[in-house]
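The values are calculated or read from the model by the stated rules, or taken from the named source; none is laboratory data. Remember, predicted model here, so these are calculated numbers, not experimental data. Cβ sites come from the backbone with ideal geometry, for glycine too, and all protein chains shown count toward neighbours. These accessible areas exclude ligands, DNA and RNA; they are computed on the full protein's heavy atoms, side chains included. Shrake-Rupley method; radii C 1.70, N 1.55, O 1.52, S 1.80 Å.
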Amino acid sequence: CESVVRTPVTVTIQDTPAPAVSDREFCISENATIAHLIPNNTNIKWYDMATGGTALAVSDVLVSGTYYATQTLGSCESVVRTPITVTIHDTPAPPAVNQEFCISEAKTIGDLVVTGTDVKWYESANSTDVLGATTLLETGSYFATQTVDGCESTTRTEIEVTIFNTPA
């Protein structure tokens, strides 16, 4: 037997919008992870594919490529995934050759010839102190990096400098 009285039921279908995200760029030295991508939206989930695929952990290290984001509002995750392109800049060290000077020339770091953009000089492969352009050259090794798109090369080019002191 069917009841005579009908009970009204209200059904609400929530259509959670995909999050607003924008493409991102990082330097390889930043070791950026998924956590660096989280926009101001709440409850973002990241995936490696537009549909299906694997949910990514916030600790996963980023590589250049496309990632996909959903957001969850209440208990509903957006069906559409927003793509975001990630570019990881890995700036190469500048090319250079060994150089020779006479002691009478009193050459400085600023006199070294190297092809590169925003070149910085260091006294060792691991030094964090940048040598100033007026630093007087001595016989030995100097190490150069370059910065492109705001990213300094993580490797350094070693340049050997020889200062000749020819006797009279």
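State which residue is surrounded by the most Cβ atoms within 10 Å (Cβ to Cβ) when the search covers only the stretch 73-116 and only residues that are of a type in the set (A, V, I, L, M), farther than 22 Å from Ser22 by Cα and more than 30 Å from the chain's Cα centre (by Cα). Restricting to residues being of a type in the set (A, V, I, L, M), farther than 22 Å from Ser22 by Cα and more than 30 Å from the chain's Cα centre (by Cα), the top hit is Ile103. Residue count for the stretch 32-72, restricted to those that are in a loop (DSSP other than H, G, I, E, B) and more than 18 Å from Ser22 (Cα to Cα): 7.
Suppose we filter the stretch 16-54 for residues that are at pLDDT 85 or above, exposed (fewer than 10 other Cβ atoms within 10 Å of the Cβ) and farther than 29 Å from Thr154 by Cβ; how many remain? Summing the residues that are at pLDDT 85 or above, exposed (fewer than 10 other Cβ atoms within 10 Å of the Cβ) and farther than 29 Å from Thr154 by Cβ in the stretch 16-54 gives 2. For the stretch 143-167, the set of residues classified as more than 18 Å from Ile109 (Cα to Cα), part of a strand (DSSP E or B) and charged (D, E, K, R) consists of Glu152 only.
Are any residues in the stretch 124-140 among the small types (Gly, Ala, Ser) and either in a loop (DSSP other than H, G, I, E, B) or touching a Ser or Thr at 6+ places or on another chain (Cβ under 8 Å) (or both), and if so, which ones?
Ser124, Ala125, Ser127, Gly132, Ala133
If you go through the stretch 142-168 and pick out every residue that is small (Gly, Ala, Ser), under 20 Å from the mean Cα position of the chain (by Cα) and open to solvent by 60 Å² or more (accessible area, probe 1.4 Å), you end up with 1.
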